[in-house]
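A quick write-up on the structure given underneath.
Derivation of every value follows stated rules applied to the coordinates shown; laboratory data play no part. Not measured: the values here are computed from a predicted model. All Cβ positions, glycine included, derive from the backbone under ideal geometry; neighbour counts span all protein chains shown.
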Amino acid sequence: MRDLDHRRLGRELGLFDTDPLMGAGLPYWLPDGAAVRHTLEEYVREAERAAGYRHVYSPVLGKRELYELSGHWDHYRDDMYPPMDVGGEQMLLRPSLCPHHALIFRSRTRSHRDLPYRMAELGGMYRSERSGVLGGLTRVRAIQLNDAHIFCTPDQAVEEAAGALALISRAYADLGIRASRHRLSLPGGGGKYVADPALWRRATALLREVLDASGVPYEAVEGEAAFYGPKIDVQITDPAGRESTLSTVQIDFHQPERFGLRYTGPDGARHRPVMVHRSVIGSVERAVAHLLEEHGGAFPPWLAPLQLVVLPVGEEQEEHAHAVVREAVALGLRAEVSGPAEGSLGARIRRSRLVPYQAVLGAREAEDGMLAVRLRDGRRPGVLPVAEFLRRVEGRVRARGTALWGPA
Ligand SMILES: [Zn+2]
């Protein structure tokens, strides 16, 4: 069986690494990994923008009082870094983005006409994992989370949560990710959860409504809820059969209470909004780890760190190959030349086996303005004019999804 561990693939493909001086669980991203991550982040922002979200930025530190107010200090402290004393105040690395977003919502007077207010951020958060469990991109101490909070009326919560689920399934189709199952995560025993049985029942009933209407099969599992509310978890399975949560949708009545959130209703009175927490791809780290394992390093064309390699047969075609690459780069593609100095044509083709598009440029092709095109999966669409080939690659990349080639 092929070794599909993302740590091995990431090292082999030069995507990310760690340094003992930066610390365990704190990977850095090399240029090819950064290209994948950047493309993924831009995709998520664009999908959110099209779905009516507005993006914000908020700081990764907050005062201890903020997390006392949100409940993280009481219920989640074991997973947080200890406070830093700064000028007599205690500052904490944030364990989640929710408290900041609640404050941003609270900072202005909100009317029912502003709702649903969909606030999104790809932001940093921190988890004090023990060093024994750290590894690769799946257990890290600094997390970049694709997060959003929808502030809405109780009547809008089901539709907003359903919209978030739809965004998740569209993203999975574009990324070539399969959900292994949907889980309705409920509280278990112990003091981990905030106590307000009526709010738990209400939120759980709404999430069941969302799941039933979506038609996806799901299982209810106790002991997996967030401390402040139940959630829908979209589960994925790695090649070794281990399951983890990638995406989540939550309906939360608790935080709006804690933060005293309000909006003005059509009746002129002040009302309490609901918060829908949702993440489409979860953390960027876990998403890239899963994409690596799911595709064995052969990313969908739009995500591939290198999308096109141009292979001049001899030195005489090198200049021409660079001109093709410049054209491809101008179209927004990630393209490179792999010339004869890097070995025989066969060796260069083998080395490019994960690159979706390989274009061989011999004397005849150079003279005619053509390229002999090979796809990563072994197909050979033939000898195509440079402009037509680049246009088709650009079309595939723009369409996203996993297909390498399609109708012109
Ligand atoms: Zn949240």
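Values computed for the structure shown
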quantity: Shape of the chain, Cα gyration tensor, a/c cut at 1.5; calculated: prolate
quantity: Pairwise FRET efficiency - Glu316 versus Ala387, Cβ, R0 = 22 Å, nearest 0.05; calculated: 0.50
quantity: Under 16 Å from the Glu394 label point (7 Å along Cα→beta-carbon), backbone N, the range 307-331; calculated: 307-308, 323-331
quantity: Pairwise centroid distance, computed over Cα atoms, of the range 1-59 with the range 268-282, Å; calculated: 27 Å
quantity: Spacing of the two label points (7 Å from each Cα toward its C-beta) at Val133 and Arg379, in nm; calculated: 4.3 nm
quantity: GNM result for the chain, Cα springs below 10 Å: residue of Pro305, Pro340, Pro197 fluctuating most strongly; calculated: Pro197
quantity: Cβ-derived FRET efficiency at R0 22 Å, Arg258 paired with Ala213, nearest 0.05; calculated: 0.15
quantity: Whole-Å distance, taken between Cα centres, linking the range 161-199 and the range 333-394; calculated: 43 Å
quantity: Thr153 paired with Asp3, simple spin-label distance in nm, labels 7 Å along Cα-to-beta-carbon; calculated: 5.8 nm
quantity: Lys, Arg +1 and Asp, Glu -1 on Cβ, resulting dipole of the range 6-295 about Cα centre, debye, nearest 20; calculated: 440 debye
quantity: Estimated FRET transfer efficiency when R0 is 35 angstrom, pair Ala51-Ala363 (beta carbons, to 0.05); calculated: 0.10
quantity: Most mobile of Ala359, Ala171, Ala269 in a GNM of the chain (Cα contacts under 10 Å); calculated: Ala269
quantity: Extension gain from Ser107 to Leu21, taking 0.36 nm per residue of separation minus the Cα-Cα distance; calculated: 27.0 nm
quantity: Exposed-loop-free span, longest in the chain, where trypsin sites (Lys or Arg not before Pro) count as exposed if DSSP calls them loop and at most 15 other C-beta atoms lie within 10 Å; calculated: 243-352
